[in-house]
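Participant: Once you've had a glance at the structure underneath, I'll fire off some questions.
The values are calculated or read from the model by the stated rules, or taken from the named source; none is laboratory data. None of the values given here were measured: they were computed from a predicted structure. Here Cβ is always computed from backbone atoms with ideal geometry, including for glycine, and neighbour counts include all displayed protein chains. Quick note on the areas: whole protein, heavy atoms, side chains included, nothing else; ligands and nucleic acids left out. Shrake-Rupley method; radii C 1.70, N 1.55, O 1.52, S 1.80 Å.
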Amino acid sequence: MSSLRHIGRDLPRPDAPDKATGKALYICDLSLPGMLHGKIKFSEHASARIVHIDTSKAERLPGVRAVLTGENVPEVRFGFMRDNLALKKGRVRQFRDEIAAVAATDPDIAAEAVELIEVEYEPLPAVFCPRQALEEDAPLVHERDASGRPRKSNRLALEVGHATGDLAAARAASRHVVEGEFTTPLIQQSCMGTAGCIARFDARDNLTLWAKTQIPFLAQRDFRGALAAMGLAGRECRVIVPTLGGAFGTGLDTHAYEYIAILLAHRTGRPVKILYDRREEFACLSPRQSSVVHVEQGCDENGKLTFRDVRVLQDNGAYTSWGATYPSVMLLPATSLYQVPVVSFRADIVYTNNTYCQAMRGYGNPELTWAIESNLDELAEVAGIDALDLRRINVNRPGEVTPMGLKVTSCGLEQCLETVGRKLRWSERRGKQRGKRRGVGLASLVHVGGGGRIYRSDGSGVILRFDDYGNVHVSTGAVEMGQGLHAALVVGVAEAVGVRPEQVFINQTDTATCPWDVGTHASRGAYMALSAVMIAAKKAREKIFRFAAGAFAGEVGRNIEKRRKKNPDYRPPDFDLPASLEPEHFDLADGEVFLTAAPDDPALRVGLDRLLRAMHFCRGGDMLTVEAFYDPPTELPDWQKGRGNMSATYAYGAQGAAVEVDTDTGEVTLLGVVAVHDVGRVLNRQTLEGQIYGALAQGIGYALYEEILTERGRILNPGFTDYKIPTVAEMAFPIEVEFVETNDEQGPFGAKGVGEPGLVPTAPAIANAIYDAIGVRIRDLPITPEKILAALATRAERKPR
Amino acid sequence: MKIPLDFQLNGHPTTAEVHPGARLIDLLRDTLGLTGTKEGCGEGECGACTVLVDGRPVNSCLFPAPEVDGSEVVTIEGLAEPGQGLSILQQAFVEGGAIQCGFCSPGMILAAKALLDRNPDPEEGEIRRALAGNLCRCTGYVQIVGAVRAASRKLRASAGEEVR
Ligand code: FES
Ligand code: FES
C-alpha cells in the first residue's frame, strides 16, 4: 500500500455542504401528506398501580384521531430482556413510563389532548438506591420476568465476571496495595437533534419507519416482533435512517416512542410522527448509567502490577436496554489495561425505580477507566514511583494475550504515553507546581478497535453498484450519525476500487436497499464498512479486469482512431499491446483502466465508464454490482468467565491534562489537554481530529460539569439551563491531538476504530492533575467546585496547620 | 385573530399571517417551509435556532414572530446565492471540518456571520464570546473556531465583499 492516493488526505466530508446550507433533512424536518402528530402521556409516579385512566375528554377534543392506552392496544413487548411494554398496563415503574398516547392533526392539539387524560394512581413502594435494591426486603421493581416467572431479587440475570490467578495470594504478596471507590453519575447523551420517528403503513399493512437509529437491522427485527404482536406477522418493516442530529449511543436500542408511533399509525391509518422536545429528551429518554466501582490494585517493589480487583454496581433503572451490557466492555480495561497477571472482576446490575438507562459513547469503559486510572495514581504515590513510570513499567505491548484473551496485534501505548509525557513537560512540572496550585495528570485507555462482538454476528455488508457513467453507488447498513463515516467510505472506496472520490456516492441507510450490518457502535462503523469495501472492491476489480482482457485492445484502437481523426499527424504510442491480454496486466486508478506496463500514455488508458457501458450494452450484456459481507475473526466472549477475543484489534491511547485550581472557589481551570491515540492509520486526518476533539469535550463535560440530578426517581434538571455541557467558552484552552500509526495488520488500510476512545481517559487525567495541583482526590464525578471545597475542608480538619 | 406581516426574508419580500403568540421558528419552519433553522431546545439555551433579524442574531424559538414585521430576516437558506455555491463562511465550515452531525451548524454559521459582519477581524476571545450561546455536542468547537478564523482571513483578503 505504498502509493495511496486518497487515504490520509483531508477531503471535506461529503455530507457537510448540505448541513452548512440547511438542506440536510433530519427527522424533525420530515413530514408526509396526511401525517398526524403523536404525543405521549408519561407517568407522574416512580412506582404505582394505575387504578384508572380516563381518556374521554382527550377523545372529544377536535383534531384528535386516536387515544391509546395499555388497555386498548395489543401488548408490544421490547427491550434487551423484553421487560418493557410500549404502553404500560396496570403498573408504572419509573417516572417516564408511557401510559397513554394521542395522535392528532397538529402537535399543539396532541399536547393539549395529553393534558386532558386523567390518571388515578395508587402509589407503591419504590427503591432508588441500587445498594438498597439488593437488600432482601427491597420492593421488587419487576415481580415477574418477561416469560412470567416470579423474580426473587432486583439483580438482573446478566452475569459478567472474570477471574485469573489467585487473588488472595497476589494481594498478600504485593508490596503496595491501594483501594478506592469511584462513582459516576447519570449523563444525558445530549444529541442536539432530539429523538423522533415517523411510522407509516401502506394499504397492505407493510410498515415504513423513519428512525433515529444506529442499528437499522436489529431495530427492524424488533419492529417485526411488534408487527407480529399486532397480528401482522410477516409484513415488511422497512427502516430508513434520515440525517441524524447526533446519536452517541441513543440509537442502540428501539424505544417505546417508536412502538407507540407504529401503534398510532396502524390505528389511524395515517402516517404518525413523534418528536421529543428537549424536556422529553432529558426526562424521558434513557441516559448513560450511573455506576459505583470499587477497585483495588497492587504492585511489587519495582512497580510491577501484581493484581487488580474490580467490583461494579450498576443502576439499571426500571427496564433493560443494551446498555445493561456495559460490563462486557468494562472487562477490557479491567483485564487488559496495562499488564496485570491476576484479575478479578464482578458486576452487579440492579433494577431500581430510577429512569432506565442506555448506552453512551465508551460503553462502560469511561466508568471503569476513571476508577482504575485514578486508583493507579494513588498506588504510584504509595509506592513512591512516578505515575508515568508506573504506567511505563506495566505498558501493554504488541503480541501479548491479555487475561481476557484479547490478542493484542499492534499496540502503540508506550509511544502514546511518551508523547503525552513530553507534551505535558512531565518531569519539569509533575509534583512541582503545588505552590501555584497547578498540576499535570495523565491516563491511558484500551478499547475495541476492530469491532466488538456482543452479538452473534459482528458483521457488515456492503454493495457497490457501478452505473454507466463510471460512478460507484455505495449501500451500507452502517449509519452516518455525524462521526464522518461517509467521509471515510468515500476515500476508502475511491482508494480500494481505483476511482476519483467525486465518483463515489453513498446511499441513504435503508433496510430495503442496504445489506445487513449489526449496528454503528463500538467504534466499528468505518472499520467494518471499509473492511467489507476492501473485499467488494477486489471483486469489482477482478470483474473489470476480466472484461478488460477481452475489450481493452478494441477500446485502445478507438482511442487511437479518435486522435488520428483530430490530428492527422498523431503518432500512436510506441508500445505493442500483448497479443493476448490477461486480467493481471491491468490496473485501475482515478477511474481509468490501464496496463501496468504502460500506465502513462493517455491513448493506452480507457475510462471505466466506457468499459462499463461496453459490458452493459452488448449481446448477453452484464452490469457490475458486487457485494461483500465482512465478519471479523473474533470471538463472542463467555461473559460469566469474561473471556474471549471480542475485537479484531484494540485501540490504545493516553491523555494528559494541565490544570490550575482556585482553592478559594474550588474552580478548576484547564490550562491544556493532550490526546495521543494509536489509531492504526489515519484515513482522513481532519475527520479523525474532529472525532477526538468532540469526544474530549464530552470527556471534559463528564469530568467537570455534567450530571442528571434526581430525587426519588424524578429528574430535576431536564434542560440545558441546569444541565451544562461544555460551550465554546469552556473549551478555551490549548488542545493538542497527535496520532500514533501502528498500521494494524487486521484493519482496513491499517486503521483501527476511533469513535469512542477520545472520551475514555479524560476524566481520570483531569482528576490526577487536580490531585497533583492541590493534593485532594475526588472520587465522585463530576468534579464540581463544591466537591473540591468540601475535600479541602475535610483535609484541613484532619490535619490542622 | 391573526396579525399580517410584511418583511424581507433572505432578500425577498414576504407576507404571512401569524397568531399573536407565534414563535418566529414556527413561522419559518412550519409556515414558510424553511427547515434549515433547527430547534434544539425551544428554551433559548442552545442557539440551534439562531437567525438574523436586521443583522442581529436572535433565538428564533423565543423571538415573537409578529416582531419581524418590517424587518429583514436572514436564515441559513439565505447565505448561499443559488448557483453561486456556498458562501465563504459556509465553505470555511465545510473545509475546516467544523461540521459533524450538522444540527448546530445553521445556528452556528449565522452567529458567526453576525460577528464577522460586525467585526471582520475578531480576536479569538471575541469569536468564543459570539458563539458561547451556540451548543455543539459533536465537535468540541476547535474546528468551528478555526473555520471562523479562516473565513475572517478569506473575507478580508477579498475585502469589500459582504459576509454571505
Ligand atoms: S432552540 Fe432556540 S435556543 Fe435552542
Ligand atoms: S455538529 Fe453536531 S451538534 Fe454541532
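Participant: So what is the relative contact order of chain A, in percent, for Cα pairs below 8 Å that sit 6 or more residues apart?
Facilitator: In percent, rounded to a whole number, it is 16.
Participant: With axes computed from alpha carbons, what is the tilt in degrees of helix B:142-157 against the longest principal axis of chain B, rounded to the nearest 10 within 0 to 90?
Facilitator: Taking the Cα atoms of chain B, the angle to B:142-157 is about 90 degrees.
Participant: Do any of A:539/A:562; A:724/B:113; A:39/B:38; A:543/A:565; A:432/A:787 go past 30 Å between their Cα atoms, and which?
Facilitator: Long pairs (Cα-Cα over 30 Å): A:539/A:562; A:543/A:565.
Participant: As a test of the definition: with a 1.4 Å probe, what buried accessible area, both sides summed, do you compute for B against A, in Å² to the nearest 100?
Facilitator: Chains B and A together bury approximately 3500 Å².
Participant: Given q = 0.13 Å⁻¹, what are the Debye log10 I(q)/I(0) values for region A:341-399, with equal point scatterers placed on the Cα positions and solvent ignored?
Facilitator: -0.55
Participant: Now a separate question. With no solvent and one point on each alpha carbon, what is the Debye value of log10 I(q)/I(0) for region A:574-703 at q = 0.17, 0.21 Å⁻¹?
Facilitator: Summing over Cα pairs of region A:574-703 leads to -1.06, -1.25.
Participant: Report, to the nearest whole %, how much of the accessible area of region B:88-158 belongs to carbon and sulfur atoms, 1.4 Å probe, protein only.
Facilitator: 49
Participant: Then there is this: If a paramagnetic tag sat 7 Å from the Cα of residue A:143 along the Cα-Cβ line, which residues of region A:69-112 would have the backbone N under 11 Å from that point?
Facilitator: Within reach of a label on residue A:143: A:91.
Participant: For residue A:31 paired with residue A:794, estimate the spin-label separation in nm (one decimal), with each label point 7 Å from Cα along the Cα-to-Cβ line.
Facilitator: Calculated label separation equals 5.5 nm.
Participant: In region A:1-48, which residues give up 20 Å² or more of accessible area once the other protein chains are added, compared with their chain alone (1.4 Å probe)?
Facilitator: Those residues are A:12, A:13, A:16, A:17, A:19, A:20, A:21, A:22, A:26, A:28, A:29.
Participant: Note every residue of region A:720-734 with a reduction of at least 10 square angstrom in accessible area, all protein chains present versus the isolated chain, computed with a 1.4 Å probe, or write none.
Facilitator: A:720, A:721, A:725, A:726, A:727, A:728, A:729, A:731, A:732
Participant: Whenever you get a sec, compute what percent of the accessible area on chain A sits on carbon and sulfur atoms (1.4 Å probe).
Facilitator: Taking all protein chains in place, chain A shows 48 percent carbon and sulfur surface.
Participant: What does the charge add up to near residue A:553, with Lys and Arg as +1, Asp and Glu as -1, over the other residues with Cβ less than 13 Å from its Cβ?
Facilitator: Net local charge, residue A:553 excluded: -3.
Participant: Sort A:103-113, A:515-525 by the packing proxy (mean of other Cβ within 10 Å over each peptide's residues), most packed first.
Facilitator: A:515-525, A:103-113
Participant: If you count only protein heavy atoms with a 1.4 Å probe, what accessible area per residue comes out for region A:480-612, rounded to a whole Å²? Spell out each step's value before the answer.
Facilitator: Numbers: 5650 Å² over 133 residues.
Value for region A:480-612: 42 Å² per residue.
Participant: Between residue A:75 and residue A:505, what length in nm is gained on full extension when 0.36 nm per residue of separation is reduced by their alpha carbon distance? Show your work: numbers first, answer last.
Facilitator: Details: separation 430, 0.36 × 430 = 154.80 nm, distance 4.17 nm.
The span from residue A:75 to residue A:505 would gain 150.6 nm if fully extended.
Participant: Per residue in region A:674-693, which ones lose no less than 20 Å² of accessible surface when going from chain alone to all protein chains (1.4 Å probe)?
Facilitator: At a threshold of 20 Å² (probe 1.4 Å), the residues of region A:674-693 that become less exposed are A:686, A:690, A:693.
Participant: Once the piece of chain linking residue A:57 and residue A:129 is laid out straight, how much longer is it, given 0.36 nm per residue of separation minus the C-alpha distance between them?
Facilitator: 22.1 nm
Participant: Place a label point 7 angstrom from the Cα of residue A:120 along the Cα-to-Cβ direction, then list the residues of region A:52-74 whose backbone nitrogen is under 13 Å away.
Facilitator: Correct set: A:52-55.
Participant: Only helical DSSP H runs with n ≥ 4 go in: add -39500 (n - 2.57) per run for the protein assembly as shown, normalise by residue count and round the 222 nm mean residue ellipticity to 500 deg cm²/dmol. Could the numbers behind the result be given before it?
Facilitator: Details: 23 runs with 267 residues, N = 965.
Dividing the helical sum by the residues of the protein assembly as shown leaves -8500 deg cm²/dmol.
Participant: Give, as a single signed number, the net charge of other residues whose beta carbon lies under 12 Å from the beta carbon of residue A:536, with Lys and Arg counted +1 and Asp and Glu -1.
Facilitator: Working: positive: A:465, A:538, A:539, A:541, A:543; negative: A:542, A:627.
Taking every Cβ under 12 Å from that of residue A:536, the sum is +3.
Participant: Quick check for you: with a 1.4 Å probe and neighbouring chains kept, what is the accessible area per residue of region B:3-78, in Å²?
Facilitator: Dividing the accessible area of region B:3-78 by its residue count gives 40 Å².
Participant: Excluding same-chain residues fewer than 8 positions from residue A:19, which aspartates and glutamates have a Cα within less than 14 Å of its Cα?
Facilitator: Correct list for residue A:19: A:29, A:480, B:77, B:95.
Participant: How do the peptides A:549-560, A:196-207, A:570-581 rank, highest first, by the average count of neighbouring beta carbon atoms within 10 Å per residue?
Facilitator: Top to bottom by mean Cβ count within 10 Å: A:196-207, A:549-560, A:570-581.
Participant: Let me know the Kirkwood hydrodynamic radius for region B:1-130, please, with Cα pairs as the basis and the value in Å to one decimal.
Facilitator: One over the average 1/r among Cα pairs gives 15.1 Å for region B:1-130.
Participant: Run the quick spin-label model on residue B:158 and residue B:2: label points 7 Å from Cα toward the beta carbon, then report their separation in nm to one decimal.
Facilitator: Reported label-point gap for residue B:158 and residue B:2 is 4.0 nm.
Participant: For region A:622-679 and region A:745-798, what is the separation of their Cα centres, given in Å?
Facilitator: 16
Participant: Provide the net charge surrounding residue A:738, with neighbours chosen by a C-beta distance below 12 Å and charges set as Lys +1, Arg +1, Asp -1, Glu -1.
Facilitator: Working: positive: A:422, A:423, A:685; negative: A:418, A:678, A:689, A:736, A:741.
With Lys, Arg at +1 and Asp, Glu at -1, the net is -2.
Participant: I would also like to ask the following. Taking the Kirkwood radius as the inverse of the mean 1/r across Cα pairs, report the Rg/Rh of region A:390-483.
Facilitator: Numbers: Rg = 21.7 Å, Rh = 18.1 Å.
On the Cα set of region A:390-483, Rg over Rh gives 1.20.
Participant: Report, as a whole number in µm² per second, the diffusion coefficient that Stokes-Einstein gives for the protein assembly as shown at 10 °C and 1.306 mPa s using the Kirkwood radius over alpha carbon pairs.
Facilitator: The calculation lands on 53 µm²/s.
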